[in-house]
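See below for the structure under consideration.
Any read-out appearing in this document is the output of simple, stated calculations on the displayed coordinates, not a laboratory observation. Note that the structure is predicted; figures quoted are calculated from it, not measured. All Cβ positions, glycine included, derive from the backbone under ideal geometry; neighbour counts span all protein chains shown.
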Amino acid sequence: MSVQGREERLPVAVSDEALVEQMRTGTEPAGEELVRRYYRPLTRYLHRLCGSEQLAEELHQQTWLSVLEHVSRFDASAGSGGFKAWVFRIATNKANDHWRSHGREKAAKSGLRLLTEEEAPEASFRLEASEQERKLQEAIDQLPANQREVLLLRYYGNLKFVEIADLVGCPLNTALGRMHKAMLKLKSLMDTGADDGECDVQTREQ
Amino acid sequence: MASVMYKLGSNEAVLLMYLADELPAEDRAEVEQMLASDESLRRQLSAVGDLQASVTGRLDDVEIAKPARVDEAAVGRALREMRRYRLECAARPTVEVAVRRRWPKWSYPIAAAAALVFVLIGLWGVGVVNFGPDVPNSSAVSPVAPDDDILNQLALNEGWPFGPVGGTGLDEATRRADELQASDDDDGLLLML
C-alpha cells in the first residue's frame, strides 16, 4: 500500500544515509538528490494531510530547512526507519505546528468555504475533473487526526507499521487499530460520497 | 520469538501485519497454521485484504491520475530556500559564548556558614544576642540586685567554697550575695571576692 512503488523512481545508487553524510559536510548535490527523491511522497503526504497544495509546498520547504538545520543531529541508528521516517516525522511536526498556530484561521476559512458552496453550487460543478480527488480529500479530512496520520504515513510514506508507531509515539497495536479504523471509515465515507454523487447527477439530469 | 503476535490485541492487527509481511518468521508460520485450521480467521483475512485493496485502489485512482514527474519549479524553490539558509548561516557572525564562571559546589555551604557567622557577630555587636552565660534575674529575691559581673566571677571561680549546693553554683552565689548585701556586711562580701 504505497504510492511510491507505483511510480517511476530515481535509481537509488546511493543510500539516504550516505547522502545525509555528504549533506552534513555541505555537499549541495547530496541535498538536492534527497529533495528530489522525497519530493513526491512528501508533497502528496502533506497535501492530503493539510488539504491545500500551496500549504503543502510551503510545509515541504519548511521541512527541508528543518532537515538542513538539524542534519548534524540525525542518527540513523537511533530510531527505526532511518532517514525516511525522520523526514516524515519532521514533515508531520511541521503540519501539526501549522495547525496549532492557524487552527482558528482554518476553522473560519472552512466555515466560509461551506457557506460559499451552499450559495454557489455550480462552483463545485465546474471541478468535475477533480471530483474524485475532492471526494477523497473530503473523506480524509473527516477522519480523526490520529487515524488520518497513520493512514497517510502508510500510503504516502510507505513506512512499516513499527516505524509509524515509533513516529507517532504510540504502541504498535494502537497504530494498527488506527489504521484499520481509518480504512473502514474512509471506505464508508467514499461509498457514501459516491452514492451522493450519483444522486446529484441524477437530480441534475432530471 | 513468537512475541509480536501476542502483543497485538486484535485479529485485525495481526492480519494487517501478516498482509504487510511485517511479522517475524515464527509468527508468520503460526498465523499460517491458524489460517489453515480456522475458517473464520480466513474470512477475516479476506475481509481485511479486501478493505485494504479497496482503500488503496481509491487512493491510487486519484494519485496515479496525477503526473508522476517531479515538479521542477517546486524543487527549485525548495533548493533555493536551502541555499539561502546555508548562506545566511555562513554569513552569520560567530558569537563567542561567554563562559560563565561558576564557583565550585563545595564553596556554597562555606560561604553560607561564613555569612551566618558575620550576621551573628553583627547581632552580638548590637546586643540583640548574648553569647555569655545565662544569668538569672534575682531582683525578685532582693530589693538590691547584686552586680552581674560580681556574680559571674563568683560562679566561675574554681575556688568557690560553697559549691553547687541545692542548685547551681551561680544560684548559691546569688543567694549568699543577697544575704551579705541585706546585712550590710561589706567585709563579708569582699571576703567572698
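May I ask you to list the trypsin sites (Lys or Arg not before Pro) in segment B:1-85 that are in a DSSP loop and have at most 13 other Cβ atoms within 10 Å of their Cβ?
Numbers: sites: B:K7, B:R28, B:R42, B:R43, B:R58, B:R69, B:R77, B:R80, B:R83, B:R84; in loops: B:R69.
Those that pass, being in a loop and sparsely packed, are B:R69.
Would you please put A:160-170, B:115-125 in order of how densely packed they are, using the mean number of other Cβ atoms within 10 angstrom per residue and starting with the highest?
On the way: A:160-170: 18.9, B:115-125: 11.0.
Packing proxy ranking, top to bottom: A:160-170, B:115-125.
Among the listed pairs A:K94/A:K135; A:K135/B:K66; A:K135/A:K187, which are separated by more than 19 Å between their Cα atoms? The answer is A:K94/A:K135. Distance between the C-alpha centres of segment A:152-175 and segment A:34-56: 18 Å, rounded to the whole angstrom.
Taking 23 Å as the limit for the C-alpha separation, the pairs A:K84/B:K7; A:K160/A:K181; A:K84/A:K185; A:K160/A:K185 exceed it in the case of A:K84/B:K7; A:K84/A:K185.
Translational diffusion of segment B:4-63, estimated by Stokes-Einstein from the Kirkwood radius over alpha carbon pairs at 4 °C in a medium of 1.567 mPa s, is 106 µm² per second.
Grab the Cα-Cα distance for B:K66 and B:A112, subtract it from 0.36 nm times how many residues apart they are, and report the gain in nm with one decimal.
Details: separation 46, 0.36 × 46 = 16.56 nm, distance 7.30 nm.
Separation in residues times 0.36 nm, less the Cα-Cα distance, equals 9.3 nm.
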